[in-house]
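Below: one structure, written as C-alpha cells.
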Number of protein chains: 2
Amino acid sequence: MDCIRNRKTIRKYDRREVDEALLCRLLEEAERTQTMGNMQLYSVVLTRDEGMKDKLSPCHFNQPMVKEAPAVLTFCADFQRATTWCRLRKADPGYDNFLSFMNAATDALLYCQTFCTLAEAEGLGVCYLGTTLYTPSQIAEVLSLPSLVMPVATVTVGWPAEHPPQTDRLPLSAVLHRERYVKPGAAEIDRDYAAKEALPENREFVRLNGKETLAQIFTDLRYTRRDNESMSRGMLEALCRQGFLSVGDLKDFLALD
Amino acid sequence: MDCIRNRKTIRKYDRREVDEALLCRLLEEAERTQTMGNMQLYSVVLTRDEGMKDKLSPCHFNQPMVKEAPAVLTFCADFQRATTWCRLRKADPGYDNFLSFMNAATDALLYCQTFCTLAEAEGLGVCYLGTTLYTPSQIAEVLSLPSLVMPVATVTVGWPAEHPPQTDRLPLSAVLHRERYVKPGAAEIDRDYAAKEALPENREFVRLNGKETLAQIFTDLRYTRRDNESMSRGMLEALCRQGFLSVGDLKDFLALD
C-alpha cells in the first residue's frame, strides 16, 4: 500500500482546517480494528480549542506541533465506559487492575495506528507524540480523564506543509526471528546498524554533540537512564491515580515474591 | 480504505501456504510505522514448525488457529537489540525499566497493526490473539526470549477459508470526547449500547448462559475479576523475569508513597 510505503512523519501543517466530518469519518472507520472481546476499550479526546492546546503543550515538552496542528488527538486506554455499562446492567466489573490496563492500552494503540494509516491515506499529515507516556498524570488532569482512563498516545493532525525525506529503517534481518529468538551478537549488530551509523546526518549529529558513537546520543542525551527511571515511577503513579494499579496490589505482589 | 472498512477477523484458513517472501515483504513494509526515536523497539518471531506450534498452542488456551494457521507471528517489545547495540558502542543503556517496556510495547503494537492492515490488504486473513498478555512467561520460555524482550501480541495468518459477517461496533459517540472527557451516564450508555444488546446472537448468548444481561457474560464468564487479578500478577512477574521491572524498583516506588 503506497500510503504506508511512502509515509513519513509530518510536523508542519498549513493553516487549512481539518474538517470535523472528515475526522469523524476516519475515527469511525478505524473502529473496524480488532478489539478485545469486541469491547473497544479505548476513547479519543479531540483538542481544537487554543486554550486547551496551551494546557496540553507543556505535557508534550512544548513541541510546536501541539499548538500548530489544527487537531490534536489523545488516545486513551478506557475501561471506564465498559465498567459503567456493567454497573448499569447488574454486572460486577473487575477491571481495576494491571492486566486490564494492558488490554485497554493494546486496544487503544491498535485503534490509533489504524486511524493514522487512514489519515495518511487521505493525504493528512500525522505526528505521533511519544511524550504521552512521559506525563500521563498531567495529561489526565488537563483532559479531565476519570478513573480507568489512561492516555497512551497522542497524534497531531493537519494538512502537510512540508515534505521531508523518509527516514532510514533497520533491515528486516534485525527484526525477524524464525522459530526462536536468537540474541544478536557483534556481527549481527554491525551488519544491521552499519547503514544507520554511516548516514551523514547521524555522523554530523554525533560530531556536533562531541560524542564518540551514535548510540551515545541515545543513552547520554535523548533517552537517559535517569529520565527513564524517573518517568517509570511517574507511569506507575499514573496507573495508581487512574485506578489500574493499587499500592495494595503491589504489596501483595511483593509478598508473593 | 476498503481493506479496513471491510475487514473481519479470520479464524479458518485454507491449506495453501503463505509464501515466505510475501510475509517478509509485508513485515518489511510495516517497518515504515513511526517508532520511538527511530529505534524500532520491536521484533517478531515467526512460527511455522509444527512442533513449535504444539508448544505455543497451550499459551493461547489451545485456540485452534495456532495449529491450523500456516504462520503464527509473535510481536515483541524489544529493548534487547538496542541495548546490545549500545553496549557494543561504548554507550551505557538504561532501558531495564517500566517506561522502556511501555515505549517498546507501543512500538511493537503499532508495528503489528500496520502489518495486519497490509496483510488484510493483500487478501490474507488475520486473527489477533489477545491471549499473549495472559501467558507472557510461558511464551517467553517457548520462544527463547531473552531479557528485555516481552511478547505483546500474536497474530495467526493464512488465506481465508471462511467469510464471516462483520461484527458490530459502538457508535462514534461512545468513543469520541471533545476537549474534555465526559463520563457517560445512564442515558449515554443506553444510547450507545442499545444496538449491541439488541443483536439476536447476543440475546441468545445471554439466554443460553442463564444470565440477565450481556454485561454479565463479560464479568461472570469471559473476563472475570479473579482471572484478571491472577493474570495481572502474571504480567508483573513476566516483566520482572524479562528485566523490565525489578522487585527493588517496586519497593522504591512503594517507599515513596
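How many partner chain Cβ atoms sit within 10 Å of a residue's Cβ in peptide B:124-132, on average, as a whole number?
That average works out to 2.
Show me the ranking of peptides A:228-236, B:113-121, A:4-12 by mean Cβ neighbours inside 10 Å, starting with the highest.
In decreasing order of mean packing, A:228-236, B:113-121, A:4-12 become B:113-121, A:228-236, A:4-12.
Which of A:V142, A:V157, A:V72 ends up with the largest GNM mean-square fluctuation for chain A, with Cα atoms connected below 10 Å?
Result: A:V142 has the largest fluctuation of those listed.
Check chain B and count each lysine pair with an alpha-carbon distance under 22 angstrom, considering only pairs eight or more places apart or from different chains.
9
In terms of modelled amide H atoms, which long-range or inter-chain residues lie less than 5 Å from the amide H of A:G125?
A:G158, A:W159
Could you identify which residue out of A:E201, A:E68, A:E237 has the top mean-square fluctuation in a GNM of chain A using Cα springs shorter than 10 Å?
Highest fluctuation among the options: A:E201.
Apply the a/c threshold of 1.5 to the C-alpha gyration tensor of region B:147-257 and tell me whether it is rounded, prolate or oblate.
Prolate, since a/c reaches 1.5 and a/b exceeds b/c.
Contact order normalised by length for chain B, with contacts defined as Cα pairs under 8 Å and 6 or more residues apart; what percent is it?
25 percent
Span-like helices, chain B: DSSP H, alpha-carbon axial extent 18 Å or more, mean Kyte-Doolittle 0.5 or greater, which ones?
B:98-121
What number comes out for the charge environment of B:S147, summing +1 per Lys or Arg and -1 per Asp or Glu over other residues with Cβ under 9 Å away?
0
Output the Cα-based Rg and Dmax of region A:185-230 in Å, rounding Rg to one decimal and Dmax to a whole number.
Expressed in Å, the Cα Rg and Dmax of region A:185-230 come to 12.1, 34.
Would you report the distance distribution of C-alpha pairs in chain B as whole percents per 5 angstrom bin, up to the bin with the largest distance?
Result returned by the calculation: 1, 5, 10, 13, 15, 16, 15, 12, 8, 4, 1, 0, 0.
Hand me the chymotrypsin sites (Phe, Trp or Tyr not before Pro) from region A:1-89 located in a DSSP loop with no more than 16 other Cβ atoms within 10 Å, in residue order please.
Filter output for region A:1-89: A:F61.
What is the list of residues in region B:35-68 whose amide nitrogen lies under 19 Å from a point 7 angstrom out from the Cα of B:R16, following Cα to Cβ?
Under cut-off, by backbone N: B:68.
Can you check how the C-alpha radius of gyration of the protein assembly as shown compares to 2.2 N^0.38 Å, as a plain ratio?
Scaled against compact globular proteins, the figure is 0.93.
May I ask for the distance between the Cα centers of region A:50-121 and region B:1-63, given as a whole number of Å?
25 Å
FYI, it's all coordinate maths here, none of it is from the lab. All of these numbers come straight from a predicted model, not from anything done at the bench. Every residue, glycine among them, receives a Cβ derived from its backbone with ideal geometry; neighbour counts consider all protein chains shown.
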